[in-house]
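The values are calculated or read from the model by the stated rules, or taken from the named source; none is laboratory data. None of the values given here were measured: they were computed from a predicted structure. Neighbour counts are summed over all protein chains in view; Cβ atoms, including those assigned to glycine, are modelled from backbone coordinates with ideal geometry. Only protein heavy atoms, including side chains, enter the accessible area calculation; ligands, DNA and RNA are left aside. Shrake-Rupley method; radii C 1.70, N 1.55, O 1.52, S 1.80 Å.
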Amino acid sequence: MTAPIEMTGPVELRLAEGRLAALAWGEEHAPTWLALHGWLDNAASFSRLAPRLAGRLGIRVVALDFTGHGHSAHSPGDYALWDYCHDVLDAADALGLERLTLLAHSMGAGVACLTAAALPERLARLVLIDGLGAVTTEAERAPEQLRRGLLAHRRAVSPAPHYPDSETAVAARVAGGATPIDADTAAPLVARNLVERADGRVALRTDARLLRPSPVRLCPEQALAFLGAIRAPTLLVEGETGILGESERARLARGALPGLERRVLAGGHHLHLEQAAVGTVAEAIANWRDATAEEAGS
């Protein structure tokens, strides 16, 4: 890094009439980036990257807990990917942000791409971390997807998982995560997602309904059309052992987004939270921001 990193703790925020929780790093009146986490994660996903970016770039990073995640309220309905766009817009309105820079990981990257495609006038730039576009279902499989979603919706919701202590909760996340993650990387995510019960055990805050299959997904052609409609300068930072790589879906997605810049760095799916990788991720983002700012004459 080219400047000292001020590793101060974050400020807790409540936005959108208290519906959304967030963590903020940096000076309150500095240019603000909104950070969007992945599925079943929370704002602590950015707890190691955000202070580095705030110190290096002189910005404020506000990381949301999406609805149903972390300390935010649960939804009375289902959780469609595009519904999280309202979380982004509600947070932006609460913060007085007309033009947005979105820093987004995994599912959050999908939300960022939908928002950028639908409302290009609101987007200044996108920084995507090991995620690009939406998870899709082929058109011919749409009835099967809807069947799974409807049947799951009609089943009773299981109680929130609970554990004797936080260490056991972290071990459960490591063992059962959708993507590989180690205990040190998982610890901040799990810590923000726990609430202590009356019996001394700890339970997950996450809405258990997030585990239900989505009744409807975009088809691949729709997802590529959204990517093709993005006009904001976009950086994609991938982990060498992340979820994108050289799969056909990933290659098509990268090719669909005009002017995409790609950096592949050592690390996994949560490389922005990995102790060994976060500094390199921060430097790549800072260098790209500086270069795009110079090109724009600002």
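Which of the three applies to region 139-201, rounded, prolate or oblate, going by the alpha-carbon gyration tensor with a ≥ b ≥ c and a/c under 1.5 meaning rounded?
oblate
Around H153, under 9 Å between beta carbons, what's the net of Lys plus Arg minus Asp minus Glu among the other residues?
Computed value for this residue: +3.
From the convex hull of the Cα coordinates of region 1-146, what is the mean projected area in square nanometres?
Numbers: hull surface 37.1 nm².
The number I arrive at for region 1-146 is 9.3 nm².
Hey, if we sort H29, H74 by accessible area with the 1.4 Å probe, largest down, what's the order?
If we order H29, H74 from most to least accessible, we get H29, H74.
Under the 0.36 nm per residue contour assumption, what length would be gained going from the current alpha-carbon distance of A80 and A118 to full extension?
Gain on extension, A80 to A118, equals 12.1 nm.
As an exercise, use a Förster radius of 45 Å and the Cβ-Cβ distance of A139 and D199 to find the FRET efficiency, rounded to the nearest 0.05.
My answer for the efficiency is 0.40.
Give, as a single signed number, the net charge of other residues whose beta carbon lies under 11 Å from the beta carbon of L123, with Lys and Arg counted +1 and Asp and Glu -1.
Net local charge, L123 excluded: +2.
Hey, any idea what % of the chain's accessible area is carbon plus sulfur with a 1.4 Å probe?
Carbon and sulfur atoms account for 54 percent of the accessible area of the chain.
From the convex hull of the Cα coordinates of region 172-238, what is the mean projected area in square nanometres?
Spelled out: convex hull of the Cα atoms, projected over all directions, averaged, 7.6 nm².
Return the Rg/Rh ratio of region 81-189 with Cα-based radii and a Kirkwood Rh.
Taking Rh as the inverse mean 1/r over Cα pairs, Rg/Rh reads 1.05.
Return one whole number: the accessible area per residue of the chain in Å², for a 1.4 Å probe.
46 Å²
Translational D (Stokes-Einstein, µm²/s) of region 104-159 at 37 °C and 0.692 mPa s when Rh comes from the Kirkwood sum over C-alpha pairs?
Result for D is 241 µm²/s.
Across the chain, how large is the tail of the calculated P(r) beyond 25 Å, expressed as a percent of all Cα pairs?
Value for the chain (Cα pairs over 25 Å): 47 percent.
In terms of the Cα gyration tensor, with a ≥ b ≥ c the square roots of its eigenvalues, is region 12-57 rounded because a/c is under 1.5, prolate because a/b exceeds b/c, or oblate?
oblate
Using only the alpha-carbon atoms of region 20-99 as identical scatterers, what base-10 log of I(q)/I(0) does the Debye formula give at q = 0.21, 0.24 Å⁻¹?
Each listed q corresponds, in turn, to -0.93, -1.15.
First select every other residue whose beta carbon is under 11 angstrom from the beta carbon of V170; then total the charges, Lys and Arg +1, Asp and Glu -1.
-3
Between Rg and the Kirkwood Rh of region 201-298, both from Cα atoms, what is the Rg to Rh ratio?
Result: Rg/Rh = 1.05.
Among 49-59, 182-192, 147-157, how do they line up by average Cβ neighbours within 10 Å per residue, starting with the highest?
In descending order of packing, they fall as 49-59, 182-192, 147-157.
Above 16 angstrom, tally the Cα pairs of region 68-137 and express them as a % of all pairs, no decimals.
49 percent
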